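The values are calculated or read from the model by the stated rules, or taken from the named source; none is laboratory data. Please read all numbers here as calculations on a predicted model, not as lab measurements. No Cβ is skipped: glycine too gets one built from the backbone with ideal geometry, and neighbour counts run over all protein chains shown. Just so you know, the surface numbers come from the protein's heavy atoms only, side chains and all, with ligands and any DNA or RNA stripped out. Shrake-Rupley method; radii C 1.70, N 1.55, O 1.52, S 1.80 Å.
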Amino acid sequence: MAELRGQIDRVTYTDEESGFTIARVRIGGERTLITCVGPMINPLPGEIIDMTGEWTSHPRYGRQFKVESCRTSVPATVQGIQKYLGSGLIKGIGPVMSKRIVAKFGPGTLDVIENNIERLMEIPGIGKHRLDIIKKAWREQKNIRSVMIFLQGHGVSPSYAARIFKQYGNDSIEIVSENPYRLATDITGIGFLTADRIARRIGFDRESVKRAEAGVLYVLNGLADQGHVYYPEKELLEESRAILEVEEPVVEKALRSLHTRGKIIIDEQGHPDHRAVYLPSFHLAEVRTAERLNALIATPPPERGFDVDDALVRARRTLSIDPAPQQVQAMRSSASCKVMIITGGPGTGKTTIVRAVLAMHDTGRYQIMLAAPTGRAAKRLEESTGREAKTIHRLLEFSGRKGGFQRNRLRPLECDLLIVDEASMIDIVLMHHLLEALPQRSALILVGDVNQLPSIGAGAVLKDSIESGKLPVVELTEVFRQARESAIIMNAHRINRGEFPDISTIRNGLSDFYFIEQEDPEKVLDILLRLVCERIPSRFGFDPVDDIQVLTPMNRGTLGVANLNNELQKALNPREDGVTRGGRTFRIDDKVIQVVNNYDKEVFNGDIGRIVSVDEEQQDIRVLFDDQSSAVYDFTELDELAPAYAVTVHKSQGSEYSAVVIPVTTQHYMMLQRNLLYTAVTRGKKLVVLIGTKKALAIAVKNDRTQRRYTLLRQRLQQ
């Protein structure tokens, strides 16, 4: 085993999840740099690093030092100090400011910052406000380094140390030592498995009740992420036991303890065959959703103040339409039903119905509101109707600072008719909040395509509501003549019926639907990159970032979201600058997607935007979202964002794009499902390109076995 001391010149790569780092290090006073590879704690340019390891020879990159363990210390040279301070270590000091500081104080710079930090105000550009920022950041980086060293010793990756310190501050080590399972519930991204690994290293008993309770809650939260509102007790015990690797009595004891303390709800009435175990928020949401829908149905609709036949004539004249019988039925129902559902596939006239209903009801006698689950869907609804439409969160005036939805039962919406588009995307919790804020007098129309993928969040609200038989439903099935001219729409309906799509592209010039056959995933990737970057923009005039969206079924693999985003980012935004966190690099102009709900910033899972600034001194980036709202992210919060040149089909729900490109290969075998392919194809407004094999396409079309979601909304509505 060899020992080596040097100064980090630059960090080529670091994975914050594992700590694995590739760094170029200057040994002694030599000019030659060597490559060091291995685990390092938050490596920063300029730091002195003492390493233990061995010399190896990489077949491609040559001689390297493979690091087994290392210890860092602050730099002593002027050049090292300048790199150290300019590396993003301290908020308020970037590369430019670090040069000024080191030019002023020389080798004594770090001593000045440590013992006489007020002297930094002698530097042009540092006033009282910036000094306060630097003071706080300097204190925190010292404390966080000690937390990192402690956690690294217990198997925690460096990326989690910043989050743990942000949550607990100087009490981090004490709290983690006392009950590491708190991490799983308190900190986003740190799940039970990570907390359990820490706990085992600290010496926690494998059969402790704290551990078993944390395991059960971890399993329930994971099942909610898969769409389940509840889970059968027997299956929950089995899954928890498998995760915890303990006997069933230990899990049963944890389940009873959680139930007694109100951490879970065990419902014995909802299902005849099993006891249903809920997280409390989901139980409340499901019960109240059923109660509110039944209460709305039971009360008479508001006084319309117009003759239905006259209103139908007015709508026909205003919109210059000759509605089909199903559409007339929907229009009539809107005048007599308190709650109704309009469902149908693409090209069946759902948007026309919404416009017709607005024309009928727009008498000036009462208030009409329009909403959709996502910013893109709300924008599209607004464009198609010419009336204001909001996301459901904005409609309900969500405020992280004020603690949730400001519109509720005590302060309901001021409307007599609420129309909600893309209702298949509404999960049970959002539906609960929407209905709580809907006044009893108001009518509600839900519009959506029940054959699309269900909501990202837990539940199957639209499907359950239709299957309950309690709500009036108008299903639009006729595809209109203009829509029949679109190969996208006709193929979407073929897929939905379980028929293989028409993949011939000979259609009097340009088509809007293409299939490119290729089996080799690497060649599929090459074709996809050329399509997005060159061929589609030159032939159809679409912007490769704003107009074209790559949709893929999976996250991993050559054609998964992660790799596709890496390749597309290199091709479409090859800037050198940016900030790297967790193996992802974020640059100005990057297209990004929010991957978790952030109620404080009022941005939500699936929101897409562009990075408009990266500030290395303040250590934050600003994102402008599609709805023109913006949010600022500290560098420690960048795990909430991901590149969005490619997204999963699930994340694309509620959005439409001028063009979509979809890889469909047997590499995605586990995700080849009819409703997933149908949803992906229906995201394309003017162009859809599939790249892959006929075999994979056939598997997807034939596979109508969608994962069952455990919900009891249908039964509760029927009760």
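A few comments on the model shown:
- Single match in 316, 332 (criterion: under 21 Å from residue 381 (Cα atoms), out of contact with any strand residue (DSSP E or B) (no Cβ under 9 Å at 6 or more places or on another chain), in a helix (DSSP H, G or I) and open to solvent by 40 Å² or more (accessible area, probe 1.4 Å)): 316
- The set of residues in the range 554-603 that are assigned to a helix (DSSP H, G or I), under 15 Å from the mean Cα position of the chain (by Cα) and without any contact (Cβ under 8 Å) to a residue 40 or more places away in the chain contains only 562.
- Summed over the range 572-603, the residues that are open to solvent by 30 Å² or more (accessible area, probe 1.4 Å), at negative phi and out of contact with any Phe, Trp or Tyr (no Cβ under 9 Å at 6 or more places or on another chain) give a count of 10.
- Qualifying residue in the range 406-426 (condition: in contact with a Phe, Trp or Tyr (Cβ under 8 Å, 6 or more places away or on another chain) and closer than 30 Å to residue 708 by Cα): no
Rundown of residues vs (1) open to solvent by less than 10 Å² (accessible area, probe 1.4 Å); (2) within 16 Å of the chain's Cα centre (by Cα); (3) more than 26 Å from residue 686 (Cα to Cα), yes/no style:
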| residue | (1), (2), (3) |
| --- | --- |
| 605 | no, yes, no |
| 622 | no, no, yes |
| 641 | yes, yes, yes |
| 650 | no, yes, no |
| 660 | yes, no, no |
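- Across the range 414-437, the qualifying residues are those that are closer than 18 Å to residue 361 by Cα and among the hydrophobic types (A, V, I, L, M, F, W, C), and the one among them that is surrounded by the most Cβ atoms within 10 Å (Cβ to Cβ) is 419.
- Count - residues of the range 624-634 that are hydroxyl-bearing (Ser, Thr, Tyr), surrounded by fewer than 18 Cβ atoms within 10 Å (Cβ to Cβ) and not in a loop (DSSP other than H, G, I, E, B): 1
- Assessment of the range 694-714 against the conditions (among the small types (Gly, Ala, Ser), more than 17 Å from residue 545 (Cβ to Cβ), out of contact with any helix residue (DSSP H, G or I) (no Cβ under 9 Å at 6 or more places or on another chain) and outside any strand (DSSP E or B)) yields at least one matching residue.
Yes or no, residue by residue, for (1) open to solvent by 50 Å² or more (accessible area, probe 1.4 Å); (2) at pLDDT 85 or above:
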{"residue": "120", "(1), (2)": "no, yes"}
{"residue": "127", "(1), (2)": "no, yes"}
{"residue": "132", "(1), (2)": "yes, yes"}
{"residue": "150", "(1), (2)": "no, no"}
{"residue": "157", "(1), (2)": "no, no"}
{"residue": "167", "(1), (2)": "yes, no"}
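- Subset of the range 236-270 [closer than 22 Å to residue 464 by Cα, charged (D, E, K, R) and open to solvent by 60 Å² or more (accessible area, probe 1.4 Å)]: 268
- Every pair of residues 6+ apart whose Cβ atoms lie under 8 Å, when the first sits in the range 229-246 and is among the hydroxyl-bearing types (Ser, Thr, Tyr) while the second is part of a helix (DSSP H, G or I) and at pLDDT 95 or above: 230/282; 230/283; 230/286
- Meets criteria (buried (at least 16 other Cβ atoms within 10 Å of the Cβ) and outside any helix (DSSP H, G or I)) for residue 287: no
- Residue ID - nearest to the chain's Cα centre (by Cα), chosen from residues in the range 363-421 that are β-branched (Val, Ile, Thr) and in a strand (DSSP E or B): 391
- Residues being without any contact (Cβ under 8 Å) to a residue 60 or more places away in the chain and either open to solvent by less than 70 Å² (accessible area, probe 1.4 Å) or not charged (D, E, K, R) (or both) - total across the range 372-386: 4
- Residue within the range 101-111 that is closer than 26 Å to residue 146 by Cβ and among the basic types (Lys, Arg) present: no
- Test result for residue 311, surrounded by 17 or more Cβ atoms within 10 Å (Cβ to Cβ), of a type outside the set (S, T, N, Q) and either touching a residue at least 12 places away in the same chain (Cβ under 8 Å) or touching a Ser or Thr at 6+ places or on another chain (Cβ under 6 Å) (or both): yes
- Yes/no for residue 637 being part of a loop (DSSP other than H, G, I, E, B), surrounded by 18 or more Cβ atoms within 10 Å (Cβ to Cβ) and either over 18 Å from the mean Cα position of the chain (by Cα) or acidic (Asp, Glu) (or both): no
- Residues of the range 487-504 that turn out to be in a loop (DSSP other than H, G, I, E, B) and either modelled with pLDDT of 85 or more or open to solvent by 50 Å² or more (accessible area, probe 1.4 Å) (or both), as a count: 7
Yes or no, residue by residue, for (1) more than 30 Å from residue 164 (Cα to Cα); (2) surrounded by 21 or more Cβ atoms within 10 Å (Cβ to Cβ); (3) under 40 Å from the mean Cα position of the chain (by Cα):
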residue: 57; (1), (2), (3): yes, no, no
residue: 81; (1), (2), (3): no, yes, yes
residue: 93; (1), (2), (3): no, yes, yes
residue: 114; (1), (2), (3): no, no, no
residue: 135; (1), (2), (3): no, no, yes
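- Total residues in the range 673-695, condition crowded, with 20+ Cβ neighbours inside 10 Å and out of contact with any Pro (no Cβ under 9 Å at 6 or more places or on another chain): 8
- The residue pairs whose first member lies in the range 283-295 and is more than 17 Å from residue 264 (Cα to Cα), whose second member is among the hydroxyl-bearing types (Ser, Thr, Tyr) and crowded, with 17+ Cβ neighbours inside 10 Å, and whose beta carbons are closer than 8 Å, counting only pairs six or more residues apart or on different chains, are 293/465.
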